[in-house]
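The values are calculated or read from the model by the stated rules, or taken from the named source; none is laboratory data. In this text the structure is predicted, and so the values were computed from the model without any measurement. Methodologically, a virtual Cβ is constructed for each residue, glycine included, from the backbone with ideal geometry; neighbour enumeration extends over all protein chains shown.
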Amino acid sequence: MRHPYASDPYERCLAQLENGGHLVLIEDAVYSWLRDDTRLTVLAQSARVSVLSADVRARGIEVCDSVLIDYQDLVMLTEQHTPSMTW
């Protein structure tokens, strides 16, 4: 997911994850990790949400290490979860 505050796409994306899958927050969507959203917390506890570390560093924010991934991990997740969708 690229955009954190576009509520309709954000809500649709999270609704799709109820059926399984993995959410990767990239670009400005890394800011959504800072929101107090219980759904992201639940996804993180089940290892179904990740945050791209390069985008976190570029924006100067802090995110817990347990959800950070690098580009190699992103490629691996993309291969594991087909098809993939960008919101």
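Would you mind stating whether Glu27 is at pLDDT 90 or above and of a type in the set (D, E, K, R)? Against the criterion (at pLDDT 90 or above and of a type in the set (D, E, K, R)), Glu27 qualifies. Looking across the range 72-87 at every residue that is in contact with a Ser or Thr (Cβ under 8 Å, 6 or more places away or on another chain) and among the polar types (S, T, N, Q), the one that is farthest from Ala15 (Cα to Cα) is identified as Thr78. Could you list, in sequence order, the residues of the range 41-87 that are in a loop (DSSP other than H, G, I, E, B) and among the aliphatic types (A, V, I, L, M)? Ala47, Ile61, Val63, Met85, listed by residue number. Going through (1) on the phi > 0 side of the Ramachandran plot; (2) surrounded by 12 or more Cβ atoms within 10 Å (Cβ to Cβ) one by one, Ile61 falls short only on (1).
Of all residues in the range 74-86, those that are of a type in the set (S, T, N, Q) have Cβ atoms under 6 Å from Cβ atoms of residues that are part of a helix (DSSP H, G or I), 6 or more apart or on another chain, in Ser84/Thr78. If you filter the range 64-87 down to residues that are of a type in the set (Val, Ile, Thr) and in contact with a strand residue (DSSP E or B) (Cβ under 9 Å, 6 or more places away or on another chain), you find that the one that is surrounded by the fewest Cβ atoms within 10 Å (Cβ to Cβ) is Thr78.
Among the residues of the range 45-63, which ones are out of contact with any strand residue (DSSP E or B) (no Cβ under 9 Å at 6 or more places or on another chain) and either at pLDDT below 90 or closer than 13 Å to Val24 by Cβ (or both)?
Step one: filter the range 45-63 for residues out of contact with any strand residue (DSSP E or B) (no Cβ under 9 Å at 6 or more places or on another chain), giving 45-47, 54, 57-62.
Within the range 45-63, Gln45, Ser46, Ala47, Ala54 qualify.
Look at the range 41-71 and say how many of its residues are free of Cβ contacts under 8 Å to residues at least 12 places away in the same chain and within 23 Å of Glu11 (Cβ to Cβ). Qualifying residue count, the range 41-71: 5.
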